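Notes for the one structure printed next.
What follows draws every value from the coordinates through simple rules; no lab data is involved. Computed from a predicted model, the values in this text were never measured in an experiment. In this analysis, Cβ positions are derived from the backbone assuming ideal geometry, glycine residues included, and neighbour counts consider all displayed protein chains.
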Amino acid sequence: VKVVETIAELQALSRAWRAGGETVGFVPTMGALHEGHMSLVRAAQQRNARVIVSIFVNPTQFNDRGDFRNYPRDFDADLALLRPLDVDVVFHPNLDEMYPAGDAGMRVRPGPVAEPLEGEHRPGHFEGVATVVARLFNAALPDRAYFGQKDAQQVQVVRALVRDLGFPVEVVAWPTVREADGLAMSSRNQRLTIEQRQKAVALVHGLAVAQAAFSAGERDAMTLARQAAVAIDSFPGVAVEYVAIVQPDSFAGSTNAAVGDLLVLAVQLGDVRLIDNAVIGAGDLIRYRALQLQEA
Ligand code: AMP
């Protein structure tokens, strides 16, 4: 696998591939790669002749300095994971390459979809995301870019970026990959203690409890969200930040939950913040409630 550190070199490669009729798939990441990232890479490989994976821990999307400092970084381990997949290029720029003007540089201000939930609890986060994704798109010049549904609001912010600024890129959202107990894979899971890791099933348990209530006929969005929150709060040491039911595209809050709405949540476990979501009525997470009830 070829490691590229400059935008000029990446653009030259991508242009040459595209001039030769090859499509380019792009998977942006912040490293500390896991099976969720790998599933995006494989999805990109299925439909594109060439695949670029970027690894850049983007400081502008961290609203919390401690979170940025403690974010797991292991470039050699990441390369070892990517090598067998036969990725064409790993783009690994440094800070100056990505932000030549530093703090004085231009930023992309996202629209209303970035305001609630993650936007409210992580001020500046989506501005950082939109800015770095715009920069990365201009560097990789991809035909398609792959994003995980785990970060559902981020997917919509990126779709809005592409729509509003006219990037010629197809955005592909890919399903969340989970651990055996249902915990959504995340680089931040590495930072959990053994006890916190066990309690982290609280997230998927909360999603499953609300899904079960929806299946049983409950439609009031506040009631469903409250049931999920109560279920999560029953795990000591797990603090709910928000639980909400929203429209899947606009992220506007729902009053009456309907099939296809999105149940989204964020929790804090010690100093680790985790998010997850589920499509209302999808039924794929119900078994994680059964698992929990069995153990209780
Ligand atoms: P990150 O490195 O956390 O910025 O994530 C890079 C990309 O991988 C983003 O599009 C994420 O949404 C996606 N991703 C992270 N975790 C998962 C997961 N468990 N399943 C699928 N995609 C994921």
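Key figures
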| quantity | calculated |
| --- | --- |
| For the stretch 1-123, convex hull volume per residue from C-alpha positions, Å³ | 142 Å³ |
| Packing rank of 204-210, 125-131, 177-183, where each peptide gets the mean count of other beta carbons within 10 Å, highest leading | 204-210, 125-131, 177-183 |
| The stretch 203-269: C-alpha gyration tensor shape, a/c 1.5 cut-off, then a/b vs b/c | oblate |
| FRET efficiency for Glu9 and Glu218, using Cβ-Cβ distance with R0 set to 51 Å, rounded to 0.05 | 0.40 |
| Formal net charge of residues neighbouring Gln196 (Cβ-Cβ distance under 14 Å; K, R +1; D, E -1) | +1 |
| Relative contact order, percent, the chain [alpha-carbon distance under 8 Å, six or more residues apart] | 17 percent |
| Size of electric dipole in the chain: Cβ of Lys, Arg +1 and of Asp, Glu -1, about Cα centre, debye, nearest 20 | 320 debye |
| Separation of alpha-carbon centers, the stretch 159-196 and the stretch 62-91, rounded to whole Å | 14 Å |
| Distance in nm between pseudo-label sites at Arg47 and Ile286 (7 Å out along the Cβ direction from Cα) | 3.0 nm |
| Share, in percent, of DSSP beta bridges within the stretch 122-259 that are antiparallel, nearest 5 | 40 percent |
| Net charge over other residues, Cβ less than 9 angstrom from the Cβ of Ile275 (K, R count +1; D, E count -1) | -2 |
| Simple Cβ-charge dipole of the stretch 23-179, Lys/Arg +1 and Asp/Glu -1, about Cα centre, in debye nearest 20 | 300 debye |
| Cβ-derived FRET efficiency at R0 30 Å, Val230 paired with Leu85, nearest 0.05 | 0.10 |
| Residue-count net charge about Ile55 - beta-carbon cut-off 15 Å; Lys, Arg +1, Asp, Glu -1 | -2 |
| Size descriptor, Kirkwood hydrodynamic radius, that averages inverse alpha-carbon separations across the chain, Å | 19.9 Å |
| Burial order of peptide ranges 277-287, 215-225 (average beta-carbon count within 10 Å, highest first) | 277-287, 215-225 |
| Fraction of antiparallel bridges per DSSP, the chain only, in percent to nearest 5 | 50 percent |
